[in-house]
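The values are calculated or read from the model by the stated rules, or taken from the named source; none is laboratory data. In this text, all values refer to a predicted model and were calculated from it rather than measured experimentally. FYI the Cβ positions are ideal-geometry reconstructions off the backbone, even for glycines, and counts take in every protein chain you see. To get the accessible areas, we keep the full protein, side chains included, count just its heavy atoms, and leave off ligands, DNA and RNA. Shrake-Rupley method; radii C 1.70, N 1.55, O 1.52, S 1.80 Å.
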Amino acid sequence: MSQPQIESTLDRRAQILDAALVCFAKRGFHQASMHDISAEAGISVGLIYRYFENKEAVISAMADRHKKEIGEVLERARQAPSLLESLEILFTAHCCENEPRVVSAFVVDLYAEASRNPHVADLVRDVLQTAMDGVTDLIARSPDAESAAHGLEPHELAELIFAVSRGMLMRDVLQPQEMTAGERRARQLEVTRRLWRLLFRRESEAAYA
């Protein structure tokens, strides 16, 4: 396959996955059909079946793409001069997307589907583990981890960070639609910095808190 053909295939797959995300967010995984995805993408349903056998295959491809995106964000976070700035990158990675509430709604529905569908549950666990391992390693490599409150281990800190992150994702679904990307990022940074003060407060600082 020539380079232009490869690029065309990748572009078409990305177009379909983007359309599927919107459909799953709006209608839910069960209600959204391949015909809905084709309508959202503006292409024939037959063309979609050339790339994906069924909805499960679409979800699998979305998971693979998200794992790649996680790797890219983690690499950016590793380049930050401090652990706090690394966490700020992780927390605000998606705040400037065109439709952040659509992404949040999709993830919320995906968690619900994972509770019913073992295949989807495996995909979600795999993606989460990739992210969790990356953040745990990021914390373990940082000198800041030595000042963790209550002597928490890197994996315990990562679990708390992800718990807060998932809570923020749930809140995103309920945020007013008119919230700008700048306002969304400011709110996320505020939460990140509060969490930082709780998790990485030195003993001397705790005594005067």
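Figures for the structure shown
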{"item": "So residue 122, is it open to solvent by 40 Å² or more (accessible area, probe 1.4 Å) and without any contact (Cβ under 8 Å) to a residue 60 or more places away in the chain", "result": "yes"}
{"item": "Pairs where the first residue, in the stretch 59-78, is closer than 17 Å to residue 111 by Cα and the second is of a type in the set (Ser, Thr, Tyr) and part of a helix (DSSP H, G or I), C-beta under 9 Å, 6+ apart", "result": "61/51; 66/130; 67/130"}
{"item": "Scope the stretch 144-174; condition farther than 24 Å from residue 128 by Cα and part of a loop (DSSP other than H, G, I, E, B); matching residues", "result": "none"}
{"item": "Odd one out for residue 178 among (1) open to solvent by less than 60 Å² (accessible area, probe 1.4 Å); (2) outside any helix (DSSP H, G or I)", "result": "(1)"}
{"item": "The listed residue being in contact with an Asp or Glu (Cβ under 6 Å, 6 or more places away or on another chain) and of a type in the set (Val, Ile, Thr), out of 120, 164", "result": "120"}
{"item": "Residues satisfying the stated conditions in the stretch 133-169, i.e. under 19 Å from residue 65 (Cβ atoms) and surrounded by fewer than 17 Cβ atoms within 10 Å (Cβ to Cβ)", "result": "133"}
{"item": "Pairs with Cβ under 8 Å, 6+ apart, first in the stretch 167-196 and among the aromatic types (Phe, Trp, Tyr), second surrounded by 13 or more Cβ atoms within 10 Å (Cβ to Cβ)", "result": "196/84; 196/87"}
